[in-house]
Amino acid sequence: MSSRTILLVEDEPGLVLTLSDLLQADGWSVIHRGDYKSANAAVKTGLGDLVILDIMLPGGSGLDILKDMRERGDNRPVLMLTARATVPERVQGLKQGADDYLPKPFDSTELLARLEALSRRSAPQPVQEQKTPGIIRFGDIEIETGRAEVRKDGLPLPLTVQEYRLLVFLADHPGKTVSRQRLLEKVWGYDSDVESRTVDVHVSSLRQKLGDDPSRPRWIVTVRGFGYRLEL
């Protein structure tokens with residue numbers, strides 16, 4: 001199968017046609033499923049190297065498909081494309097393991113840019129020299145980069161791939177304010193002209209898992225109008 005194959009899970013016929021034309025023009029092969037049962041079966045059989053997933057599907061929820069993927073260890077990139085665009089709903093999807101989301105209606109250029117970034121991140125990386133595993137500690141949190149594991153009170157903390165990447169990047173720059181744009185470029189691989197609230201939503205989800213009170217955060221501090229800073 002081509003490494004440029006997308007499984008498109010969407011039930012709106014007009015949007016399916018628009019997306020299929022857009023993706024194929026950009027060099028993607030598109031496999032479409034329009035309901036929960038057929039989409040779930042397609043995901044389980046490994047169709048597609050990247051998944052565009054709607055939440056509200058005939059017969060079930062795309063979030064259940066996503067949850068099942070991650071529980072089975074399926075780490076294919078998933079972009080949620082949904083009309084359910086409130087922050088709590090986005091956080092719910094990210095907690096289930098989505099790599100990113102894009103609310104409807106969306107800009108086609110931004111969609112393609114995000115897919116390209118997801119595709120680059122999921123591509124096999126060249127083998128690099130092993131480094132001595134490092135451990136970063138703050139409060140009751142422990143990050144062991146050699147094992148790509150985060151623990152809270154000594155117990156593994158179930159972070160998504162992007163939550164882990166975000167936390168490690170902030171921890172690599174302790175006490176320094178990092179702009180949202182830099183986080184989008186370094187953690188998500190987006191070009192500088194892509195606008196997204198995905199950083200804010202991931203930070204919200206990450207704070208919940210770390211036990212960091214969003215009204216008075218101890219660790220991930222918001223710098224208004226700029227970005228975030230990790231206080232160790």
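Read-outs throughout are calculated quantities, based only on the coordinates presented, and are distinct from any laboratory measurement. All figures in this text were calculated on a predicted structure; none of them were measured in a lab. Counting neighbours? That spans all protein chains shown, and the Cβs are built from the backbone with ideal geometry, glycine included.
Cross-link pairs exceeding 18 Å in C-alpha to C-alpha distance, out of LYS37/LYS67; LYS104/LYS209; LYS67/LYS95; LYS152/LYS209; LYS95/LYS209, comprise LYS104/LYS209. Restricting the calculation to Cα atoms, the stretch 5-122 yields a radius of gyration followed by a Dmax of 12.8, 34 Å.
Computed from backbone phi with θ = phi - 60° and the Karplus coefficients 6.51, -1.76 and 1.60, the 3J(HN,Hα) list for the stretch 214-226 is x, 6, 9, x, 8, 10, 8, 9, 7, 9, 4, x, 9 Hz; x is used for glycine and proline.
Annotation: the antiparallel percentage among DSSP beta bridges lying fully within the chain is about 55. Exposure proxy ranking for SER204, SER179, based on other Cβ atoms within 10 angstrom of each Cβ and starting from the fewest, stands as SER179, SER204. For the stretch 141-232, taking the reciprocal of the average inverse distance between every pair of different Cα atoms yields a Kirkwood hydrodynamic radius of 13.4 Å. Full extension of the chain between THR18 and THR109 yields a length gain of 31.4 nm, computed as 0.36 nm times the residue separation minus the alpha carbon distance. Evaluated with a Cβ-only charge set (Lys, Arg +1; Asp, Glu -1), the chain carries a dipole of roughly 680 debye about its Cα centre, given to the nearest 20.
A straight line joining the Cα centroids of the stretch 7-68 and the stretch 211-232 runs 36 Å.
Only one residue of PRO158, LEU57, THR18 has its Cα farthest out toward the positive end of the dipole of the chain, where Lys and Arg carry +1 and Asp and Glu -1 on Cβ, and that residue is PRO158. Here the dipole of the stretch 135-230 is about 260 debye; that uses its Cα centre as origin and unit charges on the Cβ of Lys and Arg (positive) and Asp and Glu (negative). Cβ crowding within 10 Å ranks HIS202, HIS32, HIS173 as HIS173, HIS32, HIS202, fewest other Cβ atoms first.
Each of THR109, THR5 was scored by other Cβ atoms within 10 Å of its Cβ. Arranged with the fewest first, they read THR109, THR5.
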